[in-house]
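Colleague: Got a structure for you, written out below as structure tokens; questions coming shortly.
The values are calculated or read from the model by the stated rules, or taken from the named source; none is laboratory data. These numbers come from a predicted model, not from an experiment. A quick note on method: Cβ atoms are made from the backbone with ideal geometry, for glycine too, and the neighbour counts reach across all protein chains shown.
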Amino acid sequence: MHKLFLIISSLSGAIAVALGAFGAHALKDKLQSEGTLDTYQTAVQYQFYHTLALLGIAFLLTKYQSQWLHYAGYSMTFGILIFSGSLYILCFTGMKWLGAITPIGGLLFILGWVFLLMTAVKTL
């Protein structure tokens, strides 16, 4: 399972760098004119933060076998997809209703951190 989370975090990191650079250069004027630059930057930042957390989970799984780590990894993965993904789509399409599902991704991020805490409490 650690290999899966390592692969996902590697891909997510590469995508975050690409989208961050794309947003800073090719899309900056468009995002500023539409008032979504801050939203886009938030999507990239949260994707990076949780990609790094997922990378840490992958490495922890090489040493500890814990259901809590698996839950944390899946929560971080789906949090990235739903939170950052919905914000990217909102910025690219202007579909404002996507803002309503973004908090689900945020909740998954919180759960991921709680599951990481449970790993510390129950496993370590």
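Colleague: Conditions: (1) free of Cβ contacts under 8 Å to residues at least 40 places away in the same chain; (2) of a type outside the set (S, T, N, Q); (3) touching a His at 6+ places or on another chain (Cβ under 6 Å). LEU61 meets all but one. Number of the miss?
Modeller: Tallying (1) free of Cβ contacts under 8 Å to residues at least 40 places away in the same chain; (2) of a type outside the set (S, T, N, Q); (3) touching a His at 6+ places or on another chain (Cβ under 6 Å), LEU61 fails exactly one: (1).
Colleague: Within region 90-105, how many residues turn out to be under 11 Å from the mean Cα position of the chain (by Cα) and not in a helix (DSSP H, G or I)?
Modeller: Count: 0.
Colleague: Regarding THR42, is this residue surrounded by fewer than 21 Cβ atoms within 10 Å (Cβ to Cβ), under 20 Å from ALA16 (Cα atoms) and free of Cβ contacts under 8 Å to residues at least 40 places away in the same chain?
Modeller: No, not satisfied.
Colleague: Out of region 28-39, which residues are under 14 Å from LEU90 (Cα atoms) and surrounded by 13 or more Cβ atoms within 10 Å (Cβ to Cβ)?
Modeller: LYS30, LEU31, GLU34, THR36, LEU37, THR39
Colleague: List pairs: first residue in region 88-114 and within 13 Å of GLY35 (Cα to Cα), second residue exposed (fewer than 12 other Cβ atoms within 10 Å of the Cβ) anywhere in the structure, Cβ distance under 7 angstrom, at least six positions apart or on different chains.
Modeller: LEU90/LYS96
Colleague: From the list LEU108, LEU87, LEU69, LEU117, which residue is surrounded by fewer than 20 Cβ atoms within 10 Å (Cβ to Cβ), in a helix (DSSP H, G or I) and at pLDDT 95 or above?
Modeller: LEU117
Colleague: Among the residues of region 37-73, write down those that are closer than 17 Å to LEU11 by Cβ, within 11 Å of the chain's Cα centre (by Cα) and not small (Gly, Ala, Ser).
Modeller: VAL44, TYR46, GLN47, PHE48, TYR49, HIS50, THR51, LEU52, LEU54
Colleague: Which residues, taken from region 43-66, are small (Gly, Ala, Ser) and in a helix (DSSP H, G or I)?
Modeller: Correct list: ALA43, ALA53, GLY56, ALA58.
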